[in-house]
Amino acid sequence: MEAKAQLNQIRISPRKVGIVLDLIRNKPCDVAMAILKTTPKAASEPLQKLLKSAMANAENNHSMDVGKCYVSECYVGGGITIKRIRPKDHGRAHRILKRTSNIVLVIKESE
């Protein structure tokens, strides 16, 4: 049995989110939450909310024991890219890419 939560179009680069996801992969949910609370990264706060949502889904929708759950899968993919222009010298314009992320977090109950 597994519970899933996803977060779409969050305004953080997928590379930055992936660093934090590597810290919590295959960890028990309570340990993963403690890691996210103490990690000084911008992606930590949205990932805390996502983990809470996945835990609530496990408890309410699938009748799983949250104390026995662990983060089985977590991955990030690129979302849409917002394109902006930065004025440069001699009338030129350079492109700025503001990247977004789609994050999926799956928790399972350990046997």
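Here, each number is a calculation from the coordinates, and none is a lab measurement. These figures come from a predicted structure and were not determined experimentally. In this analysis, Cβ positions are derived from the backbone assuming ideal geometry, glycine residues included, and neighbour counts consider all displayed protein chains.
Test VAL71 against the criterion of being closer than 23 Å to SER110 by Cβ, assigned to a strand (DSSP E or B), touching a Leu at 6+ places or on another chain (Cβ under 8 Å) and among the β-branched types (Val, Ile, Thr), and give yes or no.
Working: closer than 23 Å to SER110 by Cβ: yes; assigned to a strand (DSSP E or B): yes; touching a Leu at 6+ places or on another chain (Cβ under 8 Å): yes; among the β-branched types (Val, Ile, Thr): yes.
Against the criterion (closer than 23 Å to SER110 by Cβ, assigned to a strand (DSSP E or B), touching a Leu at 6+ places or on another chain (Cβ under 8 Å) and among the β-branched types (Val, Ile, Thr)), VAL71 qualifies.
For segment 73-87, what are the residues that are basic (Lys, Arg) and touching a residue at least 12 places away in the same chain (Cβ under 8 Å)?
Filtering segment 73-87 down to residues basic (Lys, Arg) leaves 83-84, 86.
Hits for segment 73-87 are LYS83, ARG84.
Give the residues of segment 1-19 that are within 9 Å of the chain's Cα centre (by Cα), under 16 Å from ILE107 (Cβ atoms) and not in a strand (DSSP E or B), sorted by residue number.
Matches in segment 1-19: none.
Could you tell me how many of the residues in segment 28-47 are surrounded by fewer than 16 Cβ atoms within 10 Å (Cβ to Cβ) and not aliphatic (A, V, I, L, M)?
6
Go through the residues of segment 20-27 one by one and say whether even a single one is within 27 Å of LYS98 (Cβ to Cβ) and in contact (Cβ under 8 Å) with a residue 60 or more places away in the chain.
Looking only at segment 20-27, we keep the residues that are within 27 Å of LYS98 (Cβ to Cβ), and these are 20-25.
Among the residues that remain, those that are also in contact (Cβ under 8 Å) with a residue 60 or more places away in the chain are: 21.
The answer is yes; a qualifying residue exists.
Go through segment 60-72 residue by residue and tally those that are free of Cβ contacts under 8 Å to residues at least 40 places away in the same chain and surrounded by 13 or more Cβ atoms within 10 Å (Cβ to Cβ). Give the steps one after another, and end with the answer.
Step one: list which residues in segment 60-72 are free of Cβ contacts under 8 Å to residues at least 40 places away in the same chain, which gives 60, 63, 66-67.
If we keep only those that are surrounded by 13 or more Cβ atoms within 10 Å (Cβ to Cβ) as well, we get 66.
Of the residues in that region, 1 qualify.
I'd like the residue in segment 48-59 that is more than 15 Å from the chain's Cα centre (by Cα) and within 25 Å of GLN9 (Cβ to Cβ) and, out of all such residues, is surrounded by the most Cβ atoms within 10 Å (Cβ to Cβ).
As a first pass, look at segment 48-59 and keep what is more than 15 Å from the chain's Cα centre (by Cα): 56-59.
If we keep only those that are within 25 Å of GLN9 (Cβ to Cβ) too, we end up with 56-58.
Numbers: ALA56: 13, ASN57: 17, ALA58: 25.
Ranking the qualifying residues of segment 48-59, first place goes to ALA58.
Would you point out the residue of segment 20-48, among those that are not in a helix (DSSP H, G or I) and not hydrophobic (A, V, I, L, M, F, W, C), that is farthest from TYR75 (Cα to Cα)? Give the derivation first.
First, the residues of segment 20-48 that are not in a helix (DSSP H, G or I): 25-28, 39-43.
Still in the list and also not hydrophobic (A, V, I, L, M, F, W, C): 25-28, 39-41.
Working: ARG25: 9, ASN26: 12, LYS27: 14, PRO28: 16, THR39: 18, PRO40: 20, LYS41: 17 Å.
If we take residues in segment 20-48 being not in a helix (DSSP H, G or I) and not hydrophobic (A, V, I, L, M, F, W, C), then PRO40 is farthest from TYR75 (Cα to Cα).
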